Amino acid sequence: MSGHEHTPVPDGYPVQKIQERVLIRWGPIWASAIGLVTVIVVSLGLVRAFQLALEGDKKDPVTAKYVDPNYEQAPGTAPMYPAQVALKTLYLEKQNQILSSYGWVNQEEKIARIPIDQAKALVVKKYGKE
C-alpha cells in the first residue's frame, strides 16, 4: 500500500462538509501565475529587441545637409530625420518673417513690433555713444 490510509466518506455525510474540508491555498497559485506572465512578457520583449537589432534601423537618421546643402549641423547635436529638418526649417522661416516685418504683438494694448534691423538701429541711435 501507499503507507497512509484514506478515510472513506461515510454514507449520508453532507456534500457541503466535504467541500469545506478542501483547502485551496491561493497565494502560491497567484504567485505562479504572476511569475509566468512576467516570464512571457520579458521573453516577448527580448524577442522584439533581437528582431530590431537584426533588422537594423530602416529609418536611418540623416543630417540636414542632405536636405539643405547650405545647412551646417552644430557640432555635438544629434542627426535629424528629414521630417524634423522640414519642421525646423518652417519654424525658422516663420521666426525670420516675424523678426523682419511689422505687426501687432497685442492690438488691444497697442503694442506693435517693428523689423529687428530697424529696432537695433533705433536702440543704437538712442543709447549708442555719441
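All of the numbers you see were taken from the coordinates with simple rules; none came from a lab. In this text the structure is predicted, and so the values were computed from the model without any measurement. For neighbour counting, all protein chains shown are included, and Cβ atoms are generated from backbone atoms with ideal geometry for every residue, glycine included.
Quick notes on this structure:
- Between amide H atoms placed 1.01 Å from N, distances below 5 Å from residue 80 occur with 62, 63, 64, all of them 5 or more places distant or on a separate chain.
- Packing rank of 43-50, 80-87, where each peptide gets the mean count of other beta carbons within 10 Å, highest leading: 80-87, 43-50
- Rounded, prolate or oblate (a/c below 1.5 giving rounded, otherwise prolate when a/b exceeds b/c) for the range 84-130 by Cα gyration tensor: oblate
- Sum of side-chain charges, residue 119 neighbourhood, beta-carbon under 13 Å (Lys, Arg +1; Asp, Glu -1): +3
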